[in-house]
Amino acid sequence: MAGSQSKMSREEAGKRGGQTTSKEYSQEHFEEIGQKGGEITSKKYGQEHFEEIGQKDGRNSGAQSKNANSNR
C-alpha cells in the first residue's frame, strides 16, 4: 500500500540528499567547489567586508538575534 507511507520531514530529506551526494563525489570535489565559492564571494564583497567580519570575531549578529528572540 503506497498510500500508507508517511511523509518525510525536510530535515530527513536534506540529510538523505546530503548522504547520497557525499557518496557520489570525492572530498577533492567538495574542496574544489568550496574554493571556487570562496573566490566568487571574495570578489563580490571585497576585503572591507571580510575585515568587518574579522572585527566581529566571525560572530553572526543575525544568528545571535534569532537565539535571543527564541529565549524570550
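Readers should treat all values here as calculations from the given coordinates under stated rules, not as data from a laboratory. All values reported here derive from a predicted model rather than from experimental measurement. Cβ: placed from backbone, ideal geometry, glycine included. Neighbour counts: every protein chain shown.
Some observations on this one:
- Size of electric dipole in the stretch 10-62: Cβ of Lys, Arg +1 and of Asp, Glu -1, about Cα centre, debye, nearest 20: 260
- Computed extension gain for E11 through E39, at 0.36 nm per residue and net of the alpha carbon distance, reaches 7.1 nm.
- Across all Cα pairs in the stretch 10-62, the calculated P(r) in 5 Å bins from zero up to the longest distance comes to 4, 16, 13, 16, 16, 16, 15, 4 percent per bin.
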